[in-house]
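Nothing in this text is a laboratory measurement; each read-out follows from the coordinates by a stated rule. Everything numeric here is computed off the predicted structure, so don't read it as measured data. We place every Cβ from the backbone using ideal geometry, glycine too, and count neighbours over all the protein chains shown.
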């Protein structure tokens with residue numbers, strides 16, 4: 001399904017590269033959709049039912065109880081999601097809007113093209129999935145958090161509208177909103193037969209569709225002969241080196257590294273055209289302004305404990321008397337952590353080298369920084385390039401990835417006034 005979706009999008013002229021006005025943020029707030037496609041999340045209850053379809057309700061209840069999960073609790077959350085999803089569809093239809101509701105496996109290019117507006121009904125994960133396949137600035141994406149007590153919904157409309165979407169819709173129809181552009185990362189791969197790389201759908205992986213120990217193993221050489229499999233990338237025909245733009249955009253972040261987290265990732269990195277640096281680490285993350293308050297922040301943020309210990313050492317090493325009371329610690333900690341985040345509309349990325357190895361052979365000059373363009377050459381043997389935690393692409397020894405932010409890739413979202 002993942003392979004079919006992405007390849008269909010490559011062929012679709014709607015998603016060809018288009019250059020848009022830099023003044024697009026000044027577009028008038030007009031919202032008059034005729035057709036809306038709603039991407040609904042798969043609730044945990046639906047997930048369990050889908051994963052174990054052979055179980056009766058009573059058997060599923062006992063199986064969940066054995067794992068420490070509560071059947072009634074999952075059913076209750078499912079009903080909350082369903083009720084809020086219905087409030088979205090009923091409000092739209094009451095205004096004469098044609099609505100289609102799909103889940104991820106039904107979220108096809110044809111249906112995306114059919115709609116004037118895409119809406120996500122779930123949390124941030126559902127929003128990210130919806131965003132990844134919108135490759136035109138013209139199609140807005142609006143998120144509704146259907147279970148605000150269990151999901152932060154940072155990318156969605158305010159929680160107050162979760163069960164009262166009709167109120168949000170009235171504001172949209174009345175033009176009481178602003179367009180907000182969220183920049184995204186474009187990924188260009190270069191290497192041996194990279195156009196044949198099949199993406200792994202990480203949700204399908206959770207459902208057991210792939211071997212959890214090596215999700216890319218089935219795909220790595222599926223189009224190669226036995227002799228080709230034994231060749232190092234440097235020995236392969238240069239005629240078969242390809243360059244392809246992945247038909248998917250990263251709204252939050254990209255992770256590059258070995259598929260197994262316990263293995264060291266080896267790669268070369270060049271930031272904004274500067275010299276290449278060989279690095280070994282636990283992998284590399286690259287995020288947008290949207291993603292700067294997510295995984296990237298959690299990797300880099302200072303904790304209260306670390307801030308307190310740093311201030312104590314500063315006092316000891318400089319014979320200073322900087323206060324280390326809770327107020328000072330919290331202010332220093334917040335100021336540093338806030339500096340890690342930037343606005344979603346800023347045309348830049350921030351990269352983080354996770355757990356860099358620094359010794360007599362390897363070093364990392366800047367384990368974190370901002371960038372306009374990033375180039376990565378893989379020296380890994382079972383690695384992946386994962387986009388927003390949804391799709392993963394094989395990225396093994398010799399393959400190159402170029403990451404950049406282009407204005408035509410920005411995602412159109414809304415902010416209610």
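Tabulated values for the structure
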{"quantity": "For the range 294-340: span of alpha carbons on each principal axis (Å, largest first)", "calculated": "37, 19, 16"}
{"quantity": "Which of 129, 119 has the fewest Cβ neighbours within 10 Å, and the rest in rising order", "calculated": "129, 119"}
{"quantity": "Ratio of Rg to Rh over the range 277-385 (Cα coordinates, Kirkwood Rh, two decimals)", "calculated": "1.05"}
{"quantity": "Protection proxy ranking of 190-198, 147-155 - average other beta-carbon atoms within 10 Å, highest first", "calculated": "190-198, 147-155"}
{"quantity": "Helix-only CD estimate at 222 nm, as mean residue ellipticity for the chain, using -39500 (n - 2.57) per DSSP H run (n ≥ 4)", "calculated": "-8500 deg cm²/dmol"}
{"quantity": "Hull volume in cubic angstrom per residue (convex hull over the Cα atoms of the range 33-79)", "calculated": "93 Å³"}
{"quantity": "Rg to Rh quotient for the chain, alpha carbon positions, Kirkwood Rh", "calculated": "0.99"}
{"quantity": "Length-normalised contact order of the chain in % [C-alpha pairs under 8 Å, at least 6 apart]", "calculated": "21 percent"}
{"quantity": "Packing-based ranking, highest mean first, of 64-70, 35-41, 159-165 given that Cβ atoms within 10 Å are counted", "calculated": "35-41, 159-165, 64-70"}
{"quantity": "Fluctuation leader among 369, 123, 73 - the chain, Gaussian network, Cα springs under 10 angstrom", "calculated": "73"}
{"quantity": "Sorted peptide list for 302-309, 245-252, criterion being average Cβ within 10 angstrom, highest first", "calculated": "245-252, 302-309"}
{"quantity": "Value of relative contact order over the range 294-340, rounded to a whole percent, pairs C-alpha under 8 Å and six or more apart", "calculated": "54 percent"}
